[in-house]
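Reading through the structure tokens given below for one structure.
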Amino acid sequence: MRFVDLVSLILYNLGRRKGRVLLTAIGVVIGTAAVVVLVSLVVGLQKNATESLWGINDLTSIEVYPGYSQVSVEVKGGGGGGMGGDSGMKYLTPTAISEISAIPGVKQTIIQDYLQTGMELHYGKLTSWGNVTGINLEDLADMGLEAERGTTELAKGTAVIGSWVPRNFYDPQQRPNDAAPEPPDLLDQNLRAILIKYTQDGQEVRRTVNIRVVGILKETRGNADGNIYMNLDEVTAYSEWGRGKRIDRNKEGYSMLIVRAEDPEVVLDVADQINTLGYMANTPQSYLEGINSFFQVLQIIFGGVGAIALLVAAIGIANTMTMSILERTREIGLMKAVGATNKDVLSIFLGEAAGIGFVGGLGGVILGWGASAVLNVVALSYFASQAASGGGNLPSAAASTPFWLPVFALVFATVVGLLSGLYPALRAATLVPVNALKYE
């Protein structure tokens with residue numbers, strides 16, 4: 001039998017029993033729609049979870065901190081190895097930085113160090129505190145940061161600030177009932193920074209320096225939003241003033257390194273090698289992988305719940321096809337008498353079962369996609385009202401339907417229909433023509 005004739009006969013047979021086919025297909029519609037909606041909901045939750053993570057803006061970056069070596073190594077001489085003053089402690093010394101930079105896959109190592117003394121910031125009558133970070137770059141663009149206004153280039157006496165820094169300024173003379181002051185526009189303005197330290201007898205000592213803001217960074221939803229970036233040597237000099245002594249980097253090292261890998265594919269391998277050396281390496285990709293693994297399991301569970309409805313629908317398809325065979329026994333016998341083979345009969349009934357699955361799957365995909373869209377509208381309206389009253393970020397979607405899901409759901413429903421009709425089709429194909437023709 002030609003394929004075109006086979007398809008034409010299948011469509012004709014399904015059209016003869018529209019009501020029965022429609023009722024059977026409704027079960028498949030419900031099961032398929034359940035799979036689409038539930039999996040779309042999990043994908044939407046996964047998308048919102050990853051988007052709301054802080055600092056997930058560069059999957060090639062690795063944050064490295066001092067760590068503990070499992071084997072204590074004694075440092076001899078003044079060369080400044082990877083070990084510091086505490087037994088077993090591994091500091092981020094210049095030698096350690098060279099060791100990390102030599103790891104295959106490392107593209108760049110960026111030194112960060114924090115101001116180790118107190119600081120007050122003053123602009124006009126407004127006051128704030130200073131979360132000052134020294135960095136060994138002339139341009140913050142080299143670490144993937146972008147300026148919303150101004151520049152990302154650092155020079156002596158200048159600073160590039162995060163997008164949230166202006167919000168931290170307040171009026172110390174403000175009365176309880178007064179409105180909070182608007183965040184100041186600090187671009188190209190001079191801030192008066194007061195460095196504070198205490199002597200051994202508890203006396204406070206202050207030093208005033210001027211810092212010119214040359215750039216404001218775009219919001220990253222990460223640590224950079226609250227940082228004031230300055231030249232590393234300048235911050236080191238301020239810290240040495242606060243401590244009253246020089247900082248020996250060969251012994252104390254630096255607070256933190258940002259290691260950038262050549263490719264996101266090698267990030268986890270590079271992080272493992274850094275951890276093996278005894279340092280603490282954290283990468284956003286490891287958090288993402290953990291979250292994605294959790295939501296993949298959740299997708300399987302939710303998809304399985306929806307598949308239960310498809311299993312019930314499969315029983316309905318099997319029952320419909322079995323009844324169809326009983327009603328068409330003489331027809332099957334006549335088909336075989338005029339030359340139809342077992343394969344032809346098997347193909348016809350399997351095609352009808354798969355056709356019911358396909359029709360139900362198509363309806364389920366459309367219904368599931370529509371339900372996801374309605375869920376998005378309702379949920380986002382609710383979240384918008386909550387964000388307006390209580391603040392917070394608005395999620396991008398409550399449910400998200402990936403492109404592969406409708407295709408998978410449609411194919412899965414068709415396969416379920418095909419398998420459901422397998423036993424009735426085999427039964428029809430193996431009927432003896434003489435007995436079938438005599439069947440009443």
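The values are calculated or read from the model by the stated rules, or taken from the named source; none is laboratory data. The structure presented is a predicted model; accordingly, all values stated were derived computationally and were not measured. A quick note on method: Cβ atoms are made from the backbone with ideal geometry, for glycine too, and the neighbour counts reach across all protein chains shown. We work out accessible area using only protein heavy atoms, side chains counted, and drop any ligands, DNA or RNA first. Shrake-Rupley method; radii C 1.70, N 1.55, O 1.52, S 1.80 Å.
Side notes on the structure shown:
- Comparing Cα centroids, the range 257-318 and the range 156-179 end up 40 angstrom apart.
- Amide H within-cut-off set for residue 254, under 5 Å, with H built and near neighbours excluded: 92, 93
- Taking all protein chains into account, the per residue accessible area for the chain stands at 53 Å² (1.4 Å probe).
- In summary, the aspartates and glutamates within cross-link reach of residue 90, defined as a Cα separation below 14 angstrom excluding same-chain residues under 8 places away, comprise 74, 99, 252.
- Here the dipole of the range 113-161 is about 320 debye; that uses its Cα centre as origin and unit charges on the Cβ of Lys and Arg (positive) and Asp and Glu (negative).
- Heavy-atom SASA rank of 149, 243, 260 (probe 1.4 Å, accessible area, largest first): 149, 243, 260
- Accessible area of the chain belonging to carbon and sulfur atoms, whole % at 1.4 Å probe: 59
- Cα-Cα pairs of the range 143-253 separated by more than 17 Å (percent): 64
- Options 193, 281, 21, ranked by Cα towards positive dipole end of the chain, top entry (Cβ charges): 21
- Summed residue charge, Cβ within 15 Å of residue 321's Cβ, Lys/Arg positive, Asp/Glu negative: +2
- Helical segments meeting 18 Å axial Cα length and Kyte-Doolittle 1.6 threshold in the chain (DSSP H): 404-420
- The lysines whose alpha-carbon is closer than 27 Å to the alpha-carbon of residue 343, local same-chain residues fewer than 8 away aside, are 18, 438.
- Once Rg and the Kirkwood radius are both taken over the C-alpha atoms of the chain, their ratio Rg/Rh works out to 1.24.
- Ranked from largest, the principal axis spans of the Cα set of the range 261-365 equal 81, 28, 21 Å.
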